[in-house]
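Here's the structure we're looking at; comments come further down.
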Amino acid sequence: MSAPTTLSSPPFDVVGGDHAKLDAPDRLTGVAAFTDDITLPRMLHAKILRSPHAHARILSIDTTRAAALPGVVDVVVGSEMPLTYGVIPWTPDEQALATDKVRYVGDAVAAVAAIDEETANRALAFIDVHYEVLPALCDPREAMANTDVLIHEDNRHGNISKRVKLAFGEVDSALAAGDSEPGAHRIAGHYEFHGTTHAAIEPHCALAHFDTTGLLTVWSATQVPHYLHRELARVLELPTYRIRVIQPAVGGAFGGKSEPFDLEFVAARLAIKTGRPVKCLYTREEVFLAHRGRHPFSMDYETSVDADGRILAVSGETVLDGGAYSSFGLVTTYYSGQLLCSPYSFGAYRFHSTRVYTNKPACGPKRGHGSVQPRFAIEVQLDKAAHLLDMDPIALRRRNLLGANSTTINGFHIGSNGFAACLDAVEASSDWQTRRAKLPRGRGLGVAGSTYISGTNYCIYPTDLPQAAVQICLDRSGRVRLFTGASDIGQGSNTTLAVIAAEHLGVELADVRVIAADTDLCPVDLGAYSSRQTLMAGNAAIMAAQELGKKVRKAVADHWQCSPKVVTLAGRRAQRLDDPAVFIPIQDAFVLAETAFGTLGSVGHYNTPRSGVHGDYRGGTIGASPAYSFSAHVADVEVDVETGDVTVHHIWAAHDCGRALSPVLVEGQIEGSVYMGVAEALMEHHHVMPTGLGLEGEKEPGPWVSGLLAGSSLLDYPIPTTLDTPEISALIIEDPDPRGPFGAKEAGEGPLHPAIPAVVNAIYDAVGIRIDCLPVTPEKVLAALDALAAQKGSDDA
């Protein structure tokens, strides 16, 4: 583990300190209560019956036999919750339980509440469902072309979920310059990014209780309590004031819990029907079926560069495999192109992206939502350009730096920009200049860069209301209570907010108690997605803390008969700046303030800037952010030319997070991002069996049903163990942004992006082959090595 690299280190008392997560002891000792740890008196257990077909019409559902089974208390079907929903309000195409049609293997059809899980599981076999099986479409290009088989009959665009076409500048002429200008190059490439899932340790779980006053309380392992609250009200047709959503401790999410799921509606409806608490816990297979993971992308890119390595134009055409439902797909389709225009300056740019419905589990947001896939493609394109130009790949990236306080070609405003410092850091740390292209055959270095948003500039639904809010109370004991709707899913947002409050109010981190993610107790926050928590909830916390700090300093100043300007709050003291020997404990300072002003409480809120952030065109708001982070990675890999195995020995990951409010947390996010990136590059694959294939590739009937998952457990879905994980050097770069709290920007998702292309580019440096279709497997490596040898033999002949 490397020490942080910083650009600036102004004096702070708590910010930038060496502190761990507030909840770390509870998680490490098993004290933390996750949703499945909660048990209520008279609690029932729910299980969901799922479709065995990828595409079928529901002809009838008969629950009579299941309801009569001893131990079964009630059953629910889709007709009791017929309204459609969706996390994006413009695409509500899901039902809690399907009423007339199922669209993938695993689609929810009915549910049972019983006295225990065993009885509930047994009862599912007694639900009689008759289906009319329909042709299944598991290939997005086939689905896009098919006008006879429609996955959503009411979609006026056939099986196309969303299509985006945007262009900036004279793209065709700029591309042509790559063919015509002396020394210029035009690079075309086809890239495939496979589907991957989140693999969070904790499965989805929901517990619902409907009390005698008519209040529905739902505990859920969600990362968006506010959006869940809204959709529960919609589907259950209850007013929001009669619903309370509580997020207990969450065991990881990575985007996989960022929208409502069938289990929350099922538990809630059954709790209302039975008058008893109802818990529904996914099996690991159900987690894989619920999915919402990384979209498979099929990408065709063209890039032109001049003789000096300047990017003249980039053009991309992408087909996204969306699965059965929209999820966040509207946003994903825009992100697939909008977030590519930094950290490099493009002369001209266009992208055409088409998201397609298929009869597979729905895809959605996974860490680095929508932009990890195209980042892989463009960073490999740039590496190809550098080699054609015989230019150092880092030098080519420096040649195209966008810079601070600039505007991307698609109109996004960039504030602070530490990308150049990121490149410097990984270049020096990896000993790039003396090692690249000079290592023995089979060993190589690769570089890649990226950028990511610090929260999306606009709410998922249209509103002028704040995106984040925080309430802070000061207790006369010296304790600070902070209430926030923000969702801590393991990334440490509660700790970050406590750091901010402690810095402003002169207490230690341990003195701040955070109460979070309870819609009855806490102000609204939109949730943990798009790396928004630090910037948005952080700014709200600053606003609330500053107001209280002002009152405390005023009361102490009046007591000392001095100006509030000479009173500072730090280290559990109120102290005079002009006479440090004069101080009182912070507890006494709080008492003076409460005596002067009454009970000490304040509210802070944050909304994003609405001008000067993005361009004025349709779709110009999607991908806009108050601030952007930047990352650069260098990967050191070894390729075994006999077996095709690829070993990643080391990744140097530099990340510009603006200001590291808690460096330990930032390092953890960088390391986790790199781990996930390496896993996606080499191992992970959420693979669905294609339509009509058998063991030898024959047409149906085959040995499996179309639309089945190839692996639905963590035994079948490989992710790296500690033995597979490379050495990671987390290099923190601080380039504070004026829009962030203390200058902070995101660190939770951006550091993932460069890991994948850095590994792939390092493979080229090691053995001279390009793997443009992920994941990198030994079979692909050996095939590419054979093709390279055959080409060399042909050239020699």
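The values are calculated or read from the model by the stated rules, or taken from the named source; none is laboratory data. Nothing here was measured: the structure is a model prediction, and the numbers come from that model. Cβ atoms come from the backbone with ideal geometry, glycine included; neighbour counts cover every protein chain shown. Heads up: the accessible areas ignore ligands, DNA and RNA and are worked out on the full protein's heavy atoms, side chains in. Shrake-Rupley method; radii C 1.70, N 1.55, O 1.52, S 1.80 Å.
General remarks:
- Span from the segment 287-364 Cα centroid across to the segment 571-590 one, whole angstrom: 55 Å
- Averaging 1/r across all pairs of distinct Cα atoms in segment 78-124 and inverting the result yields a Kirkwood radius of 12.2 Å.
- Over segment 226-363, volume per residue of the alpha carbon convex hull, in Å³: 161 Å³
- Cα-based shape type of the chain, given that a ≥ b ≥ c are square roots of the gyration tensor eigenvalues and the cut on a/c is 1.5: oblate
- Separation of alpha-carbon centers, segment 609-680 and segment 501-520, rounded to whole Å: 29 Å
- Normalised by the number of residues in the chain, the average gap of Cα pairs under 8 Å and 6 or more apart makes the relative contact order 16 percent.
- Partner lysines for Lys21 [C-alpha distance under 27 Å; skip if fewer than 8 residues away on the same chain]: Lys257, Lys366, Lys745
- Applying 1/(1 + (r/R0)^6) with R0 = 30 Å to the Cβ-Cβ distance of Leu150 and Asp716 gives a FRET efficiency near 0.40.
- Partners for Lys550 among lysines (Cα-Cα distance below 21 Å; same-chain residues under 8 apart left out): Lys565
- Cα shape, segment 561-674, gyration tensor, a/c 1.5 rule: oblate
- Rg/Rh, computed from the Cα trace of segment 97-228 with Rh as the Kirkwood radius, has the value 1.14.
- If R0 is taken as 30 Å, the Cβ-Cβ distance between His190 and Arg435 corresponds to a FRET efficiency of 0.50.
- In nm, spacing of pseudo-spin labels at Lys165 and Glu132 (7 Å Cα→C-beta vector): 3.6 nm
- Take the Cβ atoms of Ala404 and Leu59, set R0 to 41 Å, and the FRET efficiency comes out at 0.10.
- Distance from the Cα centroid of segment 738-797 to that of segment 706-730 is 18 Å (rounded to whole angstrom).
- Overall form of segment 227-267 per C-alpha gyration tensor (a/c, 1.5; a/b vs b/c): prolate
- Within segment 594-626, backbone nitrogen closer than 17 Å to the virtual label 7 Å beyond the Cα of Arg476 toward Cβ: 594-601
- Spin-label model, Glu285/Asp211: points 7 Å from Cα along the beta carbon direction are separated by 3.8 nm.
- Annotation: peptides 179-190, 545-556, ranked by per-residue average of other Cβ atoms within 10 Å with the highest first, follow the order 545-556, 179-190.
- Straight-distance crosslink candidates among lysines, where the alpha carbon sits under 25 Å from Lys273 and sequence neighbours closer than 8 are dropped: Lys47, Lys101
- Based on protein heavy atoms only, the chain ends up with 36 Å² per residue of surface accessible to a 1.4 Å probe.
- DSSP beta bridges fully contained in the chain are about 75 percent antiparallel.
- Length gained on full extension, Leu708 to Ala20, computed as 0.36 nm times the residue gap minus the Cα-Cα distance: 243.5 nm.
- Of the three principal axes defined by the Cα atoms of segment 389-521, the extents in descending order read 66, 37, 27 Å.
- Here the spin labels are modelled as points 7 Å beyond Cα on the Cα-Cβ line, and at Glu779 and Ser794 they lie 2.3 nm apart.
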